[in-house]
């Protein structure tokens, strides 16, 4: 089990809320914006704010029984599921800090933060974990800018004692063919290398693309080795994103990743796509039940093969890490430290 040397009790408490009792991340990702609205109606311009929020509330109500946490967005999801009572208090909550940006691939592609939304607001709202979508190519013109984005956010999250999970995304630069075999192999290496690099910045968790392809036995073997290499270079828990692949393919990916050190998943459309896109009430109910079944199946796979993340201290180690009056200098403002 991978643990961090210096346990921040605030961050640890957050992790306890977004994991199962036995230490696994069974996270339903529902922070999608325009792509979610496109599922609700072929013409997303007909999908207004209220309809979008109510659709997310419905999915949360249906799937909460099989999740350890949800990943939601500030615009359509967070306050809505809390205020409506759709999200049980026993289920953890992650929030994305970035704004949507799925523009065509470009060497200048940058991750940007949502305007008027911050780590501080997350903490005040009771969010357990901050998530950053991170477009990264070390050979792009904006690579150093992207590194600095993570470094700065690591510091801000530390200030508020909230864990940071980073989601590195490998993308084609202009002129590259993502269907070519050479590009696919470079993508696999890039996923592994990006995970190793962002781990070195001091993040608490990784949400990673699957480093490989599972359509053939040879591909599955190579993917298993890539997952092993990824795990060997990171010191924090990592989970798999689904990227909208078909459910059966994602299930295979989760098993391979968990066998090689993964601690779960943070998945969206591969699980609930049909529940969002089906307009007939009876069919929607059936699709929601199927999404619950999928989550249950993925949870069982994760528990069977995955690595739990449940760090704890006991005895002398605990007393040494948190001696009497440990709180005297923990996250105190300069002004308060002069009081009394």
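Values quoted throughout were computed directly from the atomic coordinates according to the rules given, and no laboratory measurement underlies them. Every value quoted in this text rests on a predicted model; they were computed, and no experiment measured them. Here Cβ is always computed from backbone atoms with ideal geometry, including for glycine, and neighbour counts include all displayed protein chains.
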Among the residues that make up segment 232-242, is at least one of them surrounded by 18 or more Cβ atoms within 10 Å (Cβ to Cβ), without any contact (Cβ under 8 Å) to a residue 60 or more places away in the chain and either part of a helix (DSSP H, G or I) or out of contact with any helix residue (DSSP H, G or I) (no Cβ under 8 Å at 6 or more places or on another chain) (or both)? no
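Filter segment 319-329 for residues that are farther than 19 Å from residue 14 by Cβ and either within 30 Å of the chain's Cα centre (by Cα) or part of a helix (DSSP H, G or I) (or both) and give the result.
The answer is 319, 320, 328, 329.
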Can you go through 174, 215, 197 and tell me which one is touching a residue at least 40 places away in the same chain (Cβ under 8 Å) and more than 18 Å from the chain's Cα centre (by Cα)? 174
Only one residue in 31, 48, 35, 43 is out of contact with any strand residue (DSSP E or B) (no Cβ under 6 Å at 6 or more places or on another chain) and either under 30 Å from residue 204 (Cβ atoms) or touching a residue at least 60 places away in the same chain (Cβ under 8 Å) (or both), so which one is that? 35
Within segment 244-262, can one find any residue that is buried (at least 24 other Cβ atoms within 10 Å of the Cβ), in contact with a helix residue (DSSP H, G or I) (Cβ under 8 Å, 6 or more places away or on another chain) and not in a helix (DSSP H, G or I)? yes
